[in-house]
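K.L.:
There's a structure below that I have some questions on.
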Amino acid sequence: MLVAKDIVKTFAGEAGNAPALRGVSLAVAAGEFVAVTGRSGSGKSTLLNILSSLLTPDAGQVLYDGRDLAAMSARERDKLRATDFSMVFQMHHLLPYLTAFENVLTPFLSSWRPVDAARKAFALECLERVGLADKAERLPGKLSGGEQQRVAIARALVTRPRALFADEPTGSLDGSTGRQIMDILSDLNKEGLTVVLVTHEPLYARMAGRLVEIADGRLAADNGTPAPAPSRTV
Amino acid sequence: MNILTIPLRNLRRKLARSLLTAVVFAVGVASVTALVELSKAVGESLESKLAAYGANILVSPKTETLSVGYGGMALGDVSVDIKYFKEDETLAAIAGIHHKDRLSAVAPKFVLLARVADTPVGVIGVDFEQERQIKSHWFTEAGTLSLDSFGLLAGSEAAARLGLAPGAVVPLEGRDFTVTGVLGPTGSEDDKLLFADLHALQAAAGKINRIHFVEVAALCAGCPIEEITAQIASSLPGADVKAMQQVVKSRMMTVDFVKHLAFAVSGVILLTACVMIGLSIFSSVNERKNEIGLLRALGFSKGSVFLLMHLEALLLGATAAVIGQAAGFAASGRLMALLDLGEQAAPTFDPLQFALVFVGVAALTSLASLPPALAASRIEPSQALVML
Ligand SMILES: Nc1ncnc2c1ncn2[C@@H]1O[C@H](COP(=O)(O)OP(=O)(O)OP(=O)(O)O)[C@@H](O)[C@H]1O
Ligand SMILES: [Mg+2]
């Protein structure tokens, strides 16, 4: 489904031009659960953002179902994130002035057309899916860290995406709360959602079907069963 | 829930700040509205008030003028030449000009040089009602300020020199005129003169329907004085029509000054208000970099983010425009009452003007929020989300 080839990304940063990624190739098949690990600063987030179209690489290609992301217009990439891809971050990034329910609906708030009943019903379903149907009307400030992150996951599900990109979603949670989040991600993957997860936690990484390690901007290990043939050969 | 939800909720959350910004902007709109209303009213009312302190056009027969002084008393450029106007024709001609609506007073004069108790004195026959229009500053020290036939108003100096008091009888050309009032000092030539009813004086002198000159007060806000003088001159070929430029210029300068001041102050206030809105949105953008990054990650386009920020400013501006105009009207009404501009000066509500100001304010807020909204749309989502 998603193929990255020879990705190079250099940030015009402070300390010279040390590349964050120096030629990473990775194929993610539909329905896979990929865990990306590596030391801090190794380039995990950068890779995830490039795969999810939030960042464009300096060299190399990302193909989504065979379509080059770089060849798409910015508007098409925005659209992709609004429909096929979803993201969850270490911080929940909920809008503090919207209720949990309204936060789940934020992806639809860029249009003049009012959010319809079907979407509202599905938003409630998504909240139910993460076990928060009873707290739909609460503001984020009145939710615990784990609950906030679950609302963020519900928000990532409301657009019925094909792939979910999660960058250390358990990073700011304690053990048991983090575990809860991992169980949800794992269940979602079993239902067919493709999940790419960046994590520091070896325990969580092992829950994924496939483990990818990044070191110094390069692929250091990939225990993955090779992805289905078509995406590798592109 | 739609695209307005985020800006509205965000404004509501920062209610104090939103209100403060809206109020400051509303005060700006209000003062502009009040100033514009005031200057409209002041322009009219100030000019008609100024007109009450003298005429600005002098219509006299074409003749070699003779400056005549009697007892140190200057009679100006009044000719003692036997050059007259016919009263009826002249007044009809002046009343028939194209800009007749702009004439606030037409005051004909008949001049008689007389001797009272062996002292030479000028007696002016006037149409009292018209005269009052250009001599609203007249007041009496004694007696009443009225002029019936064979009544006589004495200037303060003339009265002192001739020993006149109300009730005194003054024979002029064989007819007895009775002093009805003594004028208070005006600081003008009027102090040295006697004023009688135009027609009574003409009759006494045996010069019925004769006048020496006409003073005209014209309102020049709508058209240049030159046009009015030209129109009078063309309908009165035998007349010398002079605009008293000094009077006109100083009068228009006063009116223009008031207007320019109002517009300059309005401009400064609006500019300040715009900068305030711009800064407010800028700080909103800076505080919400994460939020904007997130929205971009959720698939909001740059255009949507731009629109969100823009809408926030527009909502503020629209609120301010409505409140500000309402307050401006109220304030200008109070101010006009305070400044005693008279009954004709009342703020007039004009729906078209309201709509225009509304659109104008919306355009200004749009403009002011352009830089911050652009900055918001340029926020790099991956960066805004990672950096915490
Ligand atoms: N926006 C940026 N500007 C400049 N340099 C950046 C930027 N983002 C990342 N980098 C640099 O690129 C390198 C890789 O960063 P990245 O965030 O991908 O690491 P990471 O593996 O996700 O680390 P962590 O585990 O701490 O999140 C680091 O050296 C980082 O300093
Ligand atoms: Mg990272």
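K.L.:
Looking at B:ARG115, is it modelled with pLDDT of 85 or more, assigned by TED's automatic domain parsing to the domain that holds B:THR348 and surrounded by fewer than 15 Cβ atoms within 10 Å (Cβ to Cβ)?
P.N.:
Spelling it out, it is not the case that B:ARG115 is modelled with pLDDT of 85 or more, assigned by TED's automatic domain parsing to the domain that holds B:THR348 and surrounded by fewer than 15 Cβ atoms within 10 Å (Cβ to Cβ).
Yes/no matrix, rows are residues, columns are (1) within 16 Å of ligand 1 (Cβ to nearest atom); (2) crowded, with 24+ Cβ neighbours inside 10 Å; (3) closer than 19 Å to B:ASN290 by Cβ:
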position: A:LEU2; (1), (2), (3): no, yes, no
position: A:PHE33; (1), (2), (3): no, no, no
position: A:ALA70; (1), (2), (3): no, no, no
position: A:MET91; (1), (2), (3): yes, no, yes
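K.L.:
Now, a different point. Out of everything in region A:128-156 that is more than 14 Å from chain B (Cβ to nearest Cβ) and open to solvent by less than 10 Å² (accessible area, probe 1.4 Å), what residue ends up being nearest to A:THR177 (Cα to Cα)?
P.N.:
Going through the qualifying residues, I end up with A:GLY146.
K.L.:
Take the residues in region A:35-51 that are in a helix (DSSP H, G or I), under 19 Å from A:GLN61 (Cβ atoms) and near ligand 1 (Cβ under 9 Å from one of its atoms); name whichever of them is nearest to the other protein chains (Cβ to nearest Cβ).
P.N.:
Among residues in region A:35-51 that are in a helix (DSSP H, G or I), under 19 Å from A:GLN61 (Cβ atoms) and near ligand 1 (Cβ under 9 Å from one of its atoms), the one nearest to the other protein chains (Cβ to nearest Cβ) is A:ASN49.
K.L.:
Then there is this: Could you pull out the residue among B:LEU8, B:LEU35 that is under 20 Å from B:LYS289 (Cα atoms), open to solvent by 30 Å² or more (accessible area, probe 1.4 Å), more than 9 Å from chain A (Cβ to nearest Cβ) and hydrophobic (A, V, I, L, M, F, W, C)?
P.N.:
B:LEU8
K.L.:
Let me ask something else about it. Could you pull out the residue among A:ARG119, A:ARG160 that is in a helix (DSSP H, G or I) and either modelled with pLDDT of 95 or more or open to solvent by 30 Å² or more (accessible area, probe 1.4 Å) (or both)?
P.N.:
Step by step, each of A:ARG119, A:ARG160 is checked, and only A:ARG119 is in a helix (DSSP H, G or I) and either modelled with pLDDT of 95 or more or open to solvent by 30 Å² or more (accessible area, probe 1.4 Å) (or both).
K.L.:
Still on this model: With the checklist (1) of a type in the set (D, E, K, R); (2) out of contact with any strand residue (DSSP E or B) (no Cβ under 7 Å at 6 or more places or on another chain); (3) open to solvent by less than 70 Å² (accessible area, probe 1.4 Å) in hand, flag the one item B:GLU157 doesn't pass.
P.N.:
Every condition holds for B:GLU157 apart from (3).
K.L.:
Same structure again: Could you count how many residues in region A:93-114 are in a loop (DSSP other than H, G, I, E, B), without any contact (Cβ under 8 Å) to a residue 40 or more places away in the chain and open to solvent by 10 Å² or more (accessible area, probe 1.4 Å)?
P.N.:
5
K.L.:
Mind listing whichever residues of region B:349-388 are open to solvent by 20 Å² or more (accessible area, probe 1.4 Å), at pLDDT 85 or above and within 16 Å of ligand 2 (Cβ to nearest atom)?
P.N.:
B:GLU380
K.L.:
For the structure I just gave you, tell me whether A:MET91 is within 21 Å of A:VAL198 (Cβ to Cβ) and either more than 10 Å from every other protein chain (Cβ to nearest Cβ) or not polar (S, T, N, Q) (or both).
P.N.:
Yes.
K.L.:
Looking at region A:1-36 only, could you name the residues that are more than 20 Å from A:LEU193 (Cβ to Cβ) and within 11 Å of ligand 2 (Cβ to nearest atom)?
P.N.:
A:ALA20
The values are calculated or read from the model by the stated rules, or taken from the named source; none is laboratory data. Since we're looking at a predicted model, the values are computed, not measured. Note: ideal-geometry Cβ built from the backbone for every residue, glycine included; neighbour counts use all protein chains shown. Please note that ligands, DNA and RNA were not included when accessible areas were found on the heavy atoms of the full protein model with its side chains. Shrake-Rupley method; radii C 1.70, N 1.55, O 1.52, S 1.80 Å.
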